[in-house]
Amino acid sequence: MSLCLVAGAGIILVVIGSQDTIAKTVHTFIWFMVVWILVLVICWTSAVFLLYVTALPHRIMRERRRRRLAGGQCLICGYDLTGNVSGVCPECGRSVA
Ligand SMILES: [Zn+2]
C-alpha cells in the first residue's frame, strides 16, 4: 500500500514536473515569437523609413526641376529666362535650347 502511494506520488510529481516543463517551454516559445515579431516589425519599419529618406532628395530635385521648367527658369540656377533669345543662361552659362 505504501509502495503504491510512493509510486503514485512519484508519478504525480513527474506529471506535475513535466507539465511545468511544458508550460515553461510554451511560455518561452511564446516570448520568442513575440520578440521575433517585434524584431521583424522594427526591421521592416526601419527599411521602409530608410527607403523613404534616401528617395527624398531625388523627389525634391525632381519637383524643383518640374517647377523650373514650368516657370521658364534655368534648370541649373533657376534664373528667369523670360524673353531670353540668346539660348544661353546669362547667370550660369548653361545652354537653354
Ligand atoms: Zn542658369
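Brief remarks on what is shown
- Given their separation in residues at 0.36 nm each and the Cα-Cα distance between them, ARG67 and ALA55 gain 2.5 nm when the chain is fully extended.
- ³J(HN,Hα), Karplus 6.51/-1.76/1.60, whole Hz, each residue of region 56-66, x for Gly, Pro: 4, x, 5, 5, 5, 5, 5, 5, 5, 4, 5
All of the numbers you see were taken from the coordinates with simple rules; none came from a lab. Being a predicted model, the structure only gives us computed values, none of them experimental.
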